[in-house]
Amino acid sequence: MATLGFVGLGAMGSRLARRLLEAGHTVTGYNRTADKARALESAGLKVAATPRAAAEGAAAVFSMVTDDAALRAVALGPDGIVAGLSPATVFVEMSTVSPAVTREIGEAVAARRATMLDAPVSGSTISVERGEASIVVGGDPTALERVKPFLAVMGPGGITHVGALGVAKTMKIATNLGLAVQILAFSEAVLLAEKAGIARATAVEALLKSVVASPMIRYRGPFVVGAMPRDAWFNVGMMQKDLQLALDQGHATGVTLPTTALTQEWLSMARGVGLGERDFATVFDVLAGLSGLPASPNR
């Protein structure tokens, strides 16, 4: 069993940290909203006052935060993660943020003679709870071997090393653009069937049994017939952040992303009609309204 640090205990980070605790590891955690950290105390989490304190003395420290600005805020500065690293520590950054900012933080980590990996998670909060999430990793393969037992606890679905530091972020961004495009296509398919006289529930059932039923569609498909959660698994704003990262990288590398750009506009419409805090599957509701059909039920 190891002593670990975990910074960023929101919807995803708290579930990842809980898996480490349940595996018997000692975890010291920090979250900018302290109540979210304290919610894990009953599971054995030791609450740190700063990101630096979470990193000090840890064999590995993990972070899972919202965006580039949040990563810089918890990683840099006198109370940041980097300040608490020793040469023996591996810093594993698991957020969906830009590759450029990841490499920027990596330079600061290297200056401390520590090692950084980027290891974003593929899967939702439900995937993590069910032990179905997978992880892609960028950075030093030797460091990966050192932390692989911890990653395997959080991502039993598999660990794939994809290249140098920052490359895993690109892989995660590429994955997430696929999720958003898929849900838009799924919504169109359901609504087309419904307009032709097929009951919505029947159309969803048929699609979930068909070749288009990816794991994400199996999770979110039922939302449109009675289970659209008010507490989003991954809200519109977060998905738009990821799609913008994809569009920015596409522009920088000369890759045309037409369906990503279109999906981004539909999500902007969802946000414009007050659905920005809903799960990104709520794009269905926008399409349904424009098609003269009722929105998904909500709970």
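The values are calculated or read from the model by the stated rules, or taken from the named source; none is laboratory data. These numbers come from a predicted model, not from an experiment. Cβ atoms come from the backbone with ideal geometry, glycine included; neighbour counts cover every protein chain shown. Accessible surface is based on the protein model in full, side chains and every heavy atom, while ligands, DNA and RNA are left aside. Shrake-Rupley method; radii C 1.70, N 1.55, O 1.52, S 1.80 Å.
Tabulated data
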quantity: When residues of segment 26-36 are limited to those that are of a type outside the set (D, E) and at pLDDT below 95, the one surrounded by the most Cβ atoms within 10 Å (Cβ to Cβ); calculated: N31
quantity: Candidates T175, T160, filtered to the one that is of a type in the set (S, T, Y), over 21 Å from V7 (Cβ atoms), out of contact with any Phe, Trp or Tyr (no Cβ under 8 Å at 6 or more places or on another chain) and in a strand (DSSP E or B); calculated: T160
quantity: Some residue of segment 180-189 being more than 20 Å from V283 (Cα to Cα), in contact (Cβ under 8 Å) with a residue 12 or more places away in the chain, of a type outside the set (A, V, I, L, M, F, W, C) and assigned to a helix (DSSP H, G or I); calculated: no
quantity: Answer residue from segment 203-216, given it is without any contact (Cβ under 8 Å) to a residue 60 or more places away in the chain and in a helix (DSSP H, G or I) and is nearest to the chain's Cα centre (by Cα) among those; calculated: L208
quantity: Strands (runs of 3 or more DSSP E) wholly inside segment 1-109 that include at least 1 residues being out of contact with any Cys (no Cβ under 6 Å at 6 or more places or on another chain) and under 28 Å from A246 (Cβ atoms); calculated: 3-7, 60-63, 90-93
quantity: Unique residue being aliphatic (A, V, I, L, M), in contact (Cβ under 8 Å) with a residue 60 or more places away in the chain and either surrounded by fewer than 18 Cβ atoms within 10 Å (Cβ to Cβ) or closer than 13 Å to I105 by Cβ (or both) when the list is A60, A39, A23, A73; calculated: A23
quantity: Selected residue (only one of G254, G226 is modelled with pLDDT of 95 or more and of a type outside the set (A, V, I, L, M)); calculated: G254
quantity: Residue in segment 185-203 that is open to solvent by 50 Å² or more (accessible area, probe 1.4 Å), within 19 Å of S291 (Cβ to Cβ) and of a type in the set (D, E, K, R) present; calculated: yes
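Residue-by-condition table, conditions (1) charged (D, E, K, R); (2) part of a loop (DSSP other than H, G, I, E, B); (3) within 23 Å of A11 (Cβ to Cβ):
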site: A201; (1), (2), (3): no, no, no
site: R218; (1), (2), (3): yes, no, yes
site: D231; (1), (2), (3): yes, yes, yes
site: G274; (1), (2), (3): no, yes, yes
site: V283; (1), (2), (3): no, no, yes
site: V286; (1), (2), (3): no, no, no
site: G289; (1), (2), (3): no, no, no
site: P294; (1), (2), (3): no, yes, no
